[in-house]
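One structure is given below, encoded as structure tokens.
The values are calculated or read from the model by the stated rules, or taken from the named source; none is laboratory data. These numbers were taken from a predicted model, which means no experiment stands behind them. When we count neighbours, we look across all protein chains shown, and the Cβ atoms used for this are built from the backbone with ideal geometry, even at glycine.
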Amino acid sequence: MASTPSNRLKLTPSNSPYLPYPARSPLRGRAPVEPRLSLKRVVGTTCASPTGFDVVNSSFAYIAGGAVVVVDVNGADYTQRFYRARPTALPVYNTPPLPYSPSTPTPTPKANDSRNRISLRESTFGSHDWSDSPTSGKTWTSRERIKAATCLALSKEGRFLAVGETGYSPRVLIFSLEDNSSDTPLVSISEHAHGVKAVAWSPDSKYLASLGAANDGFLYIWRIDTKTGAAKLFQQNRCTSFIRGMIWVGNNLITLGVRHIKVWRVEEGQSTSPVKQRFIGEASATPQPHQKTLPGRNVLLGNMIEATFSCATAIDDTKAIICSETGDVCLFDDTDRQMKLTHVLESGFVTTCVAIRGNVVHLGGKSGNLATLDLASFVKCSPDCLLTSLGSFAGLFAIGFLEENMVTVDSKRSIYIWGFEEPSGQLDLKSPIPIPGHQDSILGVEALGRPNASGADFYSWSGSGQIILWDGEGKIKCSFQAPLEEACFEDESDLVNQLTLVRATDCGRFFVTGDKLGVVKIIDFSTLECVSSMKAHSSDCQFITTYEDKSKFLIATCGRDRTTQLFHKTAEGQFEHFQTLEFAARVVQVLIPSADRVITCSLDRSLQIHDLVTKDGEPDVMAAIPSKTLPLKVSPSSMTMGVDGKSLFVSLLDRSICLYDLESGKITNTFKCIDESGAESVILDSLTARPATDREPSFLLGISNTDKSIRIYDAQTGTFLDREWGHTEAINGVALVEGNGGKRKVVSVGSDGTIMIWELELQDPSWGSATRDPSPVKDGSAISRPTLRRVLSKAELAEFQRSSPSGGRRSPPRTLTKRRSIYSMSTAASSSRTLVSGLQASPALAIAEDTPTRRPSGDSRCTSPPASPKARVRRRPSLPALNSTKTKSTSNLRGFGSLNMATESACRVLRAYRKKLSSTDPIGQEVLAELDQELRLTAVALGDRATRSKAMSDTMLNGLLDQYSERLVALLDEKLQLNYRPSSDQEPESPKSPKSPRRRTGSSGADSSSGSTTT
């Protein structure tokens, strides 16, 4: 057999079937995720032909999206069971590989197409060996998960259910009906490449026929073990015609379709191999011989060569009724293998289904007609066999008879169970048992808060305007029709208005609807009357949100016209439009998290926050004021409020979710929407967040139309929790319903007209314990935080520069600057007495070489302007005028590199200070004492420089000293005389005040000695 290695997992040439090293995944080999979503109920059907419907005894089955519903009827009651297999589901029994490849292999090898490769289960190793392998799991792509159930068949004794799929890598699944509901099939057959058109059981249930789609063209006959349900291939052939149906007539298989009726002879006594075959699935290493091809022969159609045969049913082992779309009813007779087709009569309508009950044949039509024929007369080819004709049905797609009932599936996707009148046996058309469902595509679903008048848990709506309220078990509580405006456009006459959105208040008092014409209507549920109708948008509404508390009722809508409309309910009970918000791009969604805030996101990659305000004394006058705008990385697809009410989850088109803090506007967390393997990511829509409890984490619920799945993520860390699928078309909404006893249910709706109710179970005893995998990818404490950044500027680095080596009178380095400053002050004070006389005797003054060594100490004391040093703040409050002057001086000194320039700057500061002294503003005595001490220390420093340097002339030094001693000291004396007398009069504790300045002088002088050059 031709083998094409899988592109995901390659076999290692070894004696062991296991890989030498486990394959590493992006999630570091995380264990498989336990299912947390389980399907509990399916509402609606996708059945559109007799191949998707079957009956046996008192049960019938129909397809619904990717699942099959089996209904058991007992009188007026019925129960439902659901059968569905995940793409990664491993069957109980494996199917042995085909003995040879087809003559025309498929051009593109599929992921699990066993005709073009040897899968792990079909290798020469036993299936039980591979089931224990740690690397036996497959990586399924997103398109492999999109599968739909297209056909089904029930075995005649009611033990097995066969389901055929379509989509990427379709399968034929066999389930055991002894289970109530099952996700694990007995057998999974993956031999059809493009889809399965029909499946059919033989009358004795020993054989199962599976027919591929027209692109596939293969017809397989599988031999079934009636005890276990295991299957192996018996015969096969090609059937390239377009097939509409397939039935068994005795041991012969009949296929019918477009200008086609063919009989396939199944040779029951054929032996295919001298080696005993096993059903359990251990493939033998001995190659099997060439199988005999399934023989087939076309039936001569005669004058019906152009007919398209749509349905058929068997009468006995040699006869069958075959109908065409145009209403031809024919008798097929295979007595003595003659294969004769006889045209009996015209039904007069397009025939879509046929069934037999007793001696009466029932024909169903696309237009809703139901005709009955006498079976005995029909077998005799009598054209007078027509008994009655009824036309009270919608359009019949399938029809079947139970032991005491008749079941119909109509064109409105409605299923009805009809009874028979006693004792006449006539069909009772007055009181059928309906199986609930929408009559067309479902466009959305929302949870309904309790308590409410109807007692419903959620509601759904369709484009026709039908709104249905459901309970948690999928039963209809009530329904009503939303009024829709008629579309009247001269240029587009075929445009039909459609209901797009429905939102209800918390208790279901009001329902707000929006349609494709942009009309928003508010319906009072108690009277079902429209209390307000407004033309909100020029095109269809995209989103509607409501907010209601004791004092306010707010409504916000957004449409394709790049606007957001705001409405509120006035004190008189009227709904009023109060503002229109315009944006540069189409608004994706709008939220009203509280009574004072509106949040919108648009396709221009922006998130806008508006504050709702009212006028003083006029609560009915409201307005939305722009508050802030947050940029997004890419365009958003959905958003929802965080569990804390202060953050916002935004789903982006780059397949990621970001968590924004609304106060700071920063991203606090972001993660990719990956699956359990970590290989692929998707775009999430319809986000819903729920807070954490004692036994379960806070989670984020959403849908992905990339792979038609429902996904759950940890809201705090972004960890993938679970994913489930079941809808075959676009998923239009998901809702989280709080059930009885604290159980949560997830409700999803799709364009295929189905509603799926899932039970959510996130409680885990080991949640949050050490048994959880501490993968660093899933750790939100460090990975989710933004990268730390703190770059220091040059000005900030200058404050940490080390001072140059000190000389002479510098104190040794100390740990605390304050201690070093006090020690330097005492040293400077002791030497000042001897240096003052030297200053007066010395005619010259020079700039000493070690004076700049005091600058770093002064800089460290005055670190950042305009704030004062810490030690000085603790001793006294600083004067604003002096602080500003000192800060300016310090900053000026830092800006010059030479001592000459610093001296010039100090002179300018002193001149400016003298001008300030002419004002009448009071000056504190402590500040004046400190200034006096600083000036004296400056004079001491200048004298010290003069004794070691003769660079300055005596005239210059005498001029500087005269100017300093006469003019500045005179001005200070005047200021002291003016300020000392009022302060002494006001403070009676004057005896302590003379000591205070002296004590303060020593203290401040100690501090100022280290920074004397900065004054």
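Tell me which residues, restricted to the stretch 537-558, are free of Cβ contacts under 8 Å to residues at least 40 places away in the same chain and within 29 Å of the chain's Cα centre (by Cα).
Hits for the stretch 537-558 are HIS537, SER539.
For the stretch 695-719, what are the residues that are assigned to a loop (DSSP other than H, G, I, E, B) and surrounded by fewer than 24 Cβ atoms within 10 Å (Cβ to Cβ)?
Across the stretch 695-719, the qualifying residues are ARG695, GLU696, PRO697, SER698, ASN705, THR706, ASP707, GLN716, THR717, GLY718, THR719.
Among the residues of the stretch 409-425, is there at least one that is among the charged types (D, E, K, R), surrounded by fewer than 20 Cβ atoms within 10 Å (Cβ to Cβ) and without any contact (Cβ under 8 Å) to a residue 24 or more places away in the chain?
Yes; the residues of the stretch 409-425 include at least one that is among the charged types (D, E, K, R), surrounded by fewer than 20 Cβ atoms within 10 Å (Cβ to Cβ) and without any contact (Cβ under 8 Å) to a residue 24 or more places away in the chain.
Restricting to the stretch 322-340, and then to whatever is polar (S, T, N, Q) and more than 56 Å from the chain's Cα centre (by Cα), can you tell me which residue is nearest to VAL55 (Cα to Cα)?
THR335
Can LEU256 be described as part of a strand (DSSP E or B), in the same structural domain as ILE322 (by TED's automatic domain parsing) and not aromatic (Phe, Trp, Tyr)?
yes
On the basis of being buried (at least 21 other Cβ atoms within 10 Å of the Cβ), over 44 Å from the mean Cα position of the chain (by Cα) and either modelled with pLDDT of 90 or more or among the charged types (D, E, K, R) (or both), does LEU373 make the cut?
Considered against the rule, which asks whether it is buried (at least 21 other Cβ atoms within 10 Å of the Cβ), over 44 Å from the mean Cα position of the chain (by Cα) and either modelled with pLDDT of 90 or more or among the charged types (D, E, K, R) (or both), LEU373 comes out as yes.
Among (1) under 25 Å from THR668 (Cβ atoms); (2) at pLDDT below 85; (3) of a type in the set (Gly, Ala, Ser), where does GLY718 come up short?
The number of the failed condition is (2).
Which numbered condition trips up ASP515, out of (1) within 24 Å of the chain's Cα centre (by Cα); (2) under 27 Å from GLY573 (Cβ atoms)?
The number of the failed condition is (1).
Filter the stretch 720-744 for residues that are of a type in the set (Lys, Arg) and crowded, with 21+ Cβ neighbours inside 10 Å and give the result.
ARG723
Just one of VAL512, VAL520, VAL496 is surrounded by fewer than 21 Cβ atoms within 10 Å (Cβ to Cβ) and of a type in the set (A, V, I, L, M); which is it?
So the residue among VAL512, VAL520, VAL496 that is surrounded by fewer than 21 Cβ atoms within 10 Å (Cβ to Cβ) and of a type in the set (A, V, I, L, M) is VAL496.
Mind counting the residues in the stretch 341-398 that are more than 23 Å from VAL55 (Cα to Cα) and charged (D, E, K, R)?
So the count comes out to 3.
If the Cβ limit is 6 Å and pairs must be 6+ apart or interchain, which residue in the stretch 322-339 that is within 16 Å of MET246 (Cα to Cα) pairs with which residue that is of a type in the set (Phe, Trp, Tyr)?
Close Cβ pairs satisfying both conditions: ILE322/PHE309; ILE322/PHE332; SER324/PHE309.
Tell me which residues, restricted to the stretch 532-544, are part of a strand (DSSP E or B) and either in contact with a Phe, Trp or Tyr (Cβ under 7 Å, 6 or more places away or on another chain) or surrounded by 14 or more Cβ atoms within 10 Å (Cβ to Cβ) (or both).
Those that are part of a strand (DSSP E or B) and either in contact with a Phe, Trp or Tyr (Cβ under 7 Å, 6 or more places away or on another chain) or surrounded by 14 or more Cβ atoms within 10 Å (Cβ to Cβ) (or both): SER532, SER533, MET534, CYS541, GLN542, PHE543, ILE544.
Go through (1) out of contact with any Leu (no Cβ under 8 Å at 6 or more places or on another chain); (2) in contact (Cβ under 8 Å) with a residue 24 or more places away in the chain one by one and return the number of the condition ARG586 breaks.
(1) is the only condition that ARG586 fails.
Within the stretch 422-437, count every residue that is more than 29 Å from ARG41 (Cα to Cα) and not in a strand (DSSP E or B).
Count: 5.
Just to check your reading of the model, which residue among LEU760, LEU721 is under 19 Å from ILE683 (Cα atoms) and not assigned by TED's automatic domain parsing to the domain that holds ILE674?
From the options LEU760, LEU721, the qualifying one is LEU721.
Where residues in the stretch 199-246 are assigned to a strand (DSSP E or B) and charged (D, E, K, R), which of them is surrounded by the fewest Cβ atoms within 10 Å (Cβ to Cβ)?
Residue satisfying both the conditions and the ranking: ARG238.
How many residues are among the small types (Gly, Ala, Ser) and either assigned to a strand (DSSP E or B) or not assigned by TED's automatic domain parsing to the domain that holds MET246 (or both) when one looks only at the stretch 312-365?
Residues meeting the conditions: 7.
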